[in-house]
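*Asks:* Submitted below is the structure of interest, expressed as structure tokens.
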Amino acid sequence: MALLRTVIQDTHQKLEAAGIPDARLEAEVLVMNVMRLPRQSIFAEQDTEVSEQQQAALDAFLERRYSREPLAYILGQREFYGISVIITPAALIPRPETEGLVEQALFMAMMGMESTDLTIADVGTGSGAIAVNLAIHLPAAKIFAVDVEDSVLDLAAYNIRAHGVADRVTLAIGDLLDAVPEPVDLIVANLPYIPTDRIPTLQPEVQKEPALALDGGPDGLDLIRRLLIQAEDKLKDNGIILLEMDPDQVPVVQELALKHFPEGSTSVDKDLAGMDRILTIYRQAPE
Ligand SMILES: C[S@@+](CC[C@H](N)C(=O)[O-])C[C@H]1O[C@@H](n2cnc3c(N)ncnc32)[C@H](O)[C@@H]1O
């Protein structure tokens with residue numbers, strides 16, 4: 001039997017040799033996960049023995065990681081905006097930049113709208129990560145979480161139940177806003193926005209995520225374009241749309257949004273890397 005410190009070093013070296021980015025961090029996360037220990041206890045547990053069973057479980061994880069299966073699929077969960085979200089390969093792994101979308105939605109819901117009694121649509125909900133967080137932080141809101149893919153809705157349903165917000169989040173299957181039964185105050189959408197021909201150039205891990213969650217058509221904007229059309233009927237007069245996208249798509253969507261909502265206005269927020277990432281579209285320009 002080996003000690004935890006040795007197993008971490010060994011795992012680090014194996015991951016590095018396999019060309020896995022952030023090998024040290026991943027080694028710590030994987031080893032602590034098979035040991036069922038919190039990562040912050042890593043120093044206190046340096047001399048803990050790793051059993052043969054635990055080493056076998058770690059080896060099985062490593063085999064999957066060598067084939068570039070994303071870490072979140074192997075662990076079956078991901079932290080997102082302070083909560084743990086269960087993840088399966090049916091769904092996109094929630095990204096740190098999408099936390100900015102949640103943050104902007106909460107800011108708008110708390111500061112930018114007339115009431116807190118809001119109706120919100122999370123379009124393309126995937127794992128439900130956005131909808132769950134909005135429900136946790138906005139206890140008076142009614143949320144519709146929509147996806148076109150059956151298998152992700154099962155996962156979203158699990159996450160919604162696990163976080164105790166099932167009474168306020170309604171899941172629906174359908175194309176974009178089609179399944180949302182009433183006009184909403186806020187539309188929050190992280191829809192697929194990668195141009196089709198860029199997908200084969202992405203990291204191998206990303207290519208293991210569902211194509212339906214990534215592929216936004218020739219210029220990446222197929223779904224956003226259709227969402228803006230549908231929003232004309234489904235967004236209330238003082239409603240707001242929040243969209244995540246790539247920086248070079250922002251000016252295109254800004255122009256498009258103002259064609260659909262000529263009395264509106266837009267603003268842009270950056271992600272942690274300082275790139276334009278979140279577009280806010282006001283149906284009516286604020287005074
Ligand atoms: C980029 S993922 C976002 C998942 C999750 N909201 C997140 O941020 O982690 C996009 C999601 O949109 C869904 N989707 C794709 N086309 C759709 C459509 N026409 N109507 C509704 N959802 C769609 C996909 O199944 C996928 O779950």
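The values are calculated or read from the model by the stated rules, or taken from the named source; none is laboratory data. For clarity, every value in this text was computed on a predicted model and none was experimentally measured. Note that we place each Cβ from the backbone using ideal geometry, even for glycine, and neighbour counts take in every protein chain shown. All accessible areas refer to the heavy atoms of the entire protein, side chains included, with ligands and DNA or RNA removed. Shrake-Rupley method; radii C 1.70, N 1.55, O 1.52, S 1.80 Å.
*Asks:* Assuming R0 = 22 Å, can you tell me the calculated FRET efficiency for the pair residue 110 and residue 162, based on Cβ-Cβ distance, to the nearest 0.05?
*Replies:* Working from the Cβ atoms, E equals 0.35.
*Asks:* A further question on this structure: Could you sort 108, 1 by their accessible area in this structure, using a 1.4 Å probe and putting the largest first?
*Replies:* Ranked list, largest accessible area first: 1, 108.
*Asks:* Can you give the Rg and Dmax of the range 165-287 based on its C-alpha atoms, in angstrom?
*Replies:* 15.2, 47
*Asks:* Where only protein heavy atoms count, and the probe is 1.4 Å, what is the accessible area per residue for the chain in Å²?
*Replies:* Working: 13440 Å² over 287 residues.
For the chain, the per-residue accessible area is 47 Å².
*Asks:* Leaving ligands, DNA and RNA out of it, report the carbon-plus-sulfur percent of the accessible area of the range 91-282 at a 1.4 Å probe.
*Replies:* Details: 4430 of 8150 Å².
Its accessible area is 54 percent carbon and sulfur atoms.
*Asks:* At q = 0.19, 0.23, 0.26, 0.31 Å⁻¹, what is the log10 ratio I(q)/I(0) for the range 235-287, with the Debye formula run over Cα points and no solvent?
*Replies:* Listed by q, the Debye log ratios stand at -0.58, -0.80, -0.96, -1.20.
*Asks:* Something else: Within a Cβ distance under 13 Å of residue 67, other residues only, what is the Lys/Arg minus Asp/Glu net charge?
*Replies:* +1
*Asks:* Can I ask one more? Can you give the Rg and Dmax of the range 2-67 based on its C-alpha atoms, in angstrom?
*Replies:* 10.8, 32
*Asks:* In the range 152-287, what percentage of the DSSP-assigned beta bridges are antiparallel, given to the nearest 5?
*Replies:* So the antiparallel bridges amount to about 65 percent of the total.
*Asks:* Only helical DSSP H runs with n ≥ 4 go in: add -39500 (n - 2.57) per run for the chain, normalise by residue count and round the 222 nm mean residue ellipticity to 500 deg cm²/dmol.
*Replies:* Only helices count here, giving -11500 deg cm²/dmol.
*Asks:* May I ask you to list the residues of the range 66-101 whose amide nitrogen lies under 11 Å from a point 7 Å from Cα along the Cα→beta-carbon direction of residue 154?
*Replies:* 90
*Asks:* Taking only Cα atoms of the range 159-229, what ratio of Rg to Rh do you get with Rh as the Kirkwood inverse-distance radius?
*Replies:* 1.05
*Asks:* Can you tell me the 0 to 90 degree angle between the C-alpha axis of helix 23-34 and the longest principal axis of the chain, rounded to 10?
*Replies:* Its long axis makes an angle of about 80 degrees.
*Asks:* Cross-link candidates for residue 142: which lysines have Cα within less than 22 Å, leaving aside residues fewer than 8 places away along the same chain?
*Replies:* Filter leaves 234, 236.
*Asks:* Ok, one more. Could you derive backbone 3J(HN,Hα) for the range 5-18 from the dihedral phi with the Karplus parameters 6.51, -1.76 and 1.60 (θ = phi - 60°), listing whole Hz in sequence and x where the residue is Gly or Pro?
*Replies:* Calculated HN-Hα couplings, in order: 4, 5, 5, 5, 4, 4, 5, 4, 4, 5, 5, 5, 5, 7 Hz.
*Asks:* Then there's this: Per residue of the range 140-154, what does 6.51 cos²θ - 1.76 cosθ + 1.60 with θ = phi - 60° give for ³J(HN,Hα)? Whole Hz please, x for Gly and Pro, Karplus curve as stated.
*Replies:* Values per residue, Gly and Pro as x: 8, 8, 10, 10, 9, 10, 10, 8, 8, 9, 3, 5, 6, 5, 4 Hz.
*Asks:* Compute the projected area of the convex hull of the Cα atoms of the range 103-235, averaged over all viewing directions, and report it in nm² to one decimal place.
*Replies:* 8.2 nm²
*Asks:* Probe radius 1.4 Å, ligands and nucleic acids left out: which of 79, 52, 182 has the largest accessible area, and how do the rest follow? Provide the component values of the computation, followed by the final result.
*Replies:* Working: 79 110, 52 145, 182 60 Å².
These residues rank, largest area first, as 52, 79, 182.
*Asks:* Can I ask one more? Just to verify a number: what accessible area does residue 78 come out at with the full protein assembly present, 1.4 Å probe, Å² rounded to tens?
*Replies:* Counting only protein heavy atoms, residue 78 exposes about 80 Å² to solvent.
*Asks:* Shifting gears a bit: Taking Cα centroids, how far is the range 68-120 from the range 1-54 in Å?
*Replies:* Taking the Cα centre of each part, the range 68-120 and the range 1-54 sit 28 Å apart.
*Asks:* Let me ask something else about it. Specify whether the C-alpha gyration tensor of the chain places it in the rounded, prolate or oblate class, a ≥ b ≥ c being the square roots of the eigenvalues: rounded for a/c under 1.5, otherwise prolate if a/b is larger than b/c and oblate if not.
*Replies:* Judged from the Cα gyration tensor, the chain comes out prolate (a/c at least 1.5, a/b above b/c).
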